[in-house]
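**Student:** A single structure is presented below for examination.
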Amino acid sequence: MRKPIIAGNWKMNKDVNEAVQLVNEIKRGVSDIDNVDIIVCPPYVDLSDAGEMLASGNIGVGGQNCFWEKEGAYTGEISVGMLKSVGCGYVIIGHSERRKYFGETNETVNKRIKAAIEGGLVPIICVGETLEEREAGKTMDVVKDHVEGALSGFDEGFIKDIVIAYEPVWAIGTGKTATPDQAQEVHAMIRKLLEDLYSGEWAAGTRILYGGSVKPSNIEELMKQEDIDGGLIGGASLKSEGFVDIIKTTSGLYA
Ligand code: PGA
């Protein structure tokens, strides 16, 4: 059975004081849970405190992006080594907001993933279609293009520990969640694609998260879908009660 992941993507929210408070509350709320991989991805400036507070325990820490070079004259960028040095074990790569606002492409996603894995971080790779693409019947083509582009040139041994997050762009921050059936359909397609690109065994063990307006009221029906292995949670991860609730519901389903 695939161990579920609940990851909080804080985006550009929470200064250091707010982050310390939120981390403390989450820590208290989930201290007894060991059947869910719990991850928080705060903004860069919060990572050092979060990393220290979560150095031991059951909550992992991730960055929201990373650059592919190790160091140098790249103003504004953060390296994989820097993320590791503050306790990160994960990094979100290719989020649709980065694709939309910051020129992220399949090619740059691919380079970041390579650097992340080589540096020892687990990449959480985001893929997903826009509303126009869905309405034009192109969902599967777009998702396939994102997955193939992200993984281009990598063999199975190299990517053995990756996480994929299917995040339909039209569901992110809009309150519109994909229905469990809509999400399951795409998740199953992604798993089949991974099987075709690599092996059935690896595809069956790889975790595919759903993201896009996940909240306490819809996590259960999403998590009951066969190919949904967790959630990448934006808005609902910014308040401890909701995030803890999502984690506890997930934990209960896997008990
Ligand atoms: P949301 O964001 O939960 O606020 O829709 C999810 C994400 O963008 O990762």
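**Student:** Inside the range 149-159, can you point out the residues that are of a type in the set (D, E, K, R) and either in contact with a helix residue (DSSP H, G or I) (Cβ under 7 Å, 6 or more places away or on another chain) or open to solvent by less than 30 Å² (accessible area, probe 1.4 Å) (or both)?
**Tutor:** E156
**Student:** Looking at (1) open to solvent by 10 Å² or more (accessible area, probe 1.4 Å); (2) farther than 26 Å from D229 by Cα, find the lone condition where D46 falls short.
**Tutor:** Failing condition for D46: (1).
**Student:** Within the set of pairs 6+ apart or on separate chains, which have a first residue in the range 169-190 that is among the hydroxyl-bearing types (S, T, Y), a second that is open to solvent by less than 30 Å² (accessible area, probe 1.4 Å) and more than 9 Å from the ligand (Cβ to nearest atom), and C-beta atoms under 7 Å apart?
**Tutor:** Taking only residues 6 or more apart or on different chains, the pairs are T177/N218.
**Student:** Something else now. Are any residues in the range 171-183 open to solvent by 10 Å² or more (accessible area, probe 1.4 Å) and more than 10 Å from the ligand (Cβ to nearest atom), and if so, which ones?
**Tutor:** T179, P180, D181, Q182
**Student:** If you go through the range 184-236 one residue at a time, how many are farther than 23 Å from D145 by Cβ, open to solvent by less than 30 Å² (accessible area, probe 1.4 Å) and in a helix (DSSP H, G or I)?
**Tutor:** 4
**Student:** Let me ask something additional. With the condition kept exactly as written, say whether any residue in the range 240-250 is surrounded by 18 or more Cβ atoms within 10 Å (Cβ to Cβ), in contact with a Phe, Trp or Tyr (Cβ under 9 Å, 6 or more places away or on another chain) and either among the β-branched types (V, I, T) or closer than 25 Å to G29 by Cβ (or both).
**Tutor:** The answer is no, given that none of the residues of the range 240-250 is surrounded by 18 or more Cβ atoms within 10 Å (Cβ to Cβ), in contact with a Phe, Trp or Tyr (Cβ under 9 Å, 6 or more places away or on another chain) and either among the β-branched types (V, I, T) or closer than 25 Å to G29 by Cβ (or both).
**Student:** A follow-up question, please. Exactly one condition in (1) without any contact (Cβ under 8 Å) to a residue 12 or more places away in the chain; (2) at positive phi; (3) not β-branched (V, I, T) is false for G87; which is it?
**Tutor:** (1)
**Student:** Write out, first by first residue and then by second, each pair whose Cβ atoms fall under 9 Å of each other, whose residues are 6+ apart or on separate chains, and whose first residue, in the range 118-129, is over 14 Å from W170 (Cα atoms) while the second is among the basic types (K, R) and more than 12 Å from the ligand (Cβ to nearest atom).
**Tutor:** G119/K70; G119/K84; G120/K84; L121/K84; P123/R112
**Student:** Sticking with this structure for a sec: In the list E77, E69, E25, which residue meets the criterion of being touching a residue at least 60 places away in the same chain (Cβ under 8 Å), open to solvent by 50 Å² or more (accessible area, probe 1.4 Å) and on the phi < 0 side of the Ramachandran plot?
**Tutor:** That would be E25, the only listed residue that is touching a residue at least 60 places away in the same chain (Cβ under 8 Å), open to solvent by 50 Å² or more (accessible area, probe 1.4 Å) and on the phi < 0 side of the Ramachandran plot.
The values are calculated or read from the model by the stated rules, or taken from the named source; none is laboratory data. Keep in mind that this is a model prediction, so the values were computed, not measured. Reconstructed Cβ throughout: ideal geometry from the backbone, glycine too, with neighbour counts over all protein chains shown. Quick note on the areas: whole protein, heavy atoms, side chains included, nothing else; ligands and nucleic acids left out. Shrake-Rupley method; radii C 1.70, N 1.55, O 1.52, S 1.80 Å.
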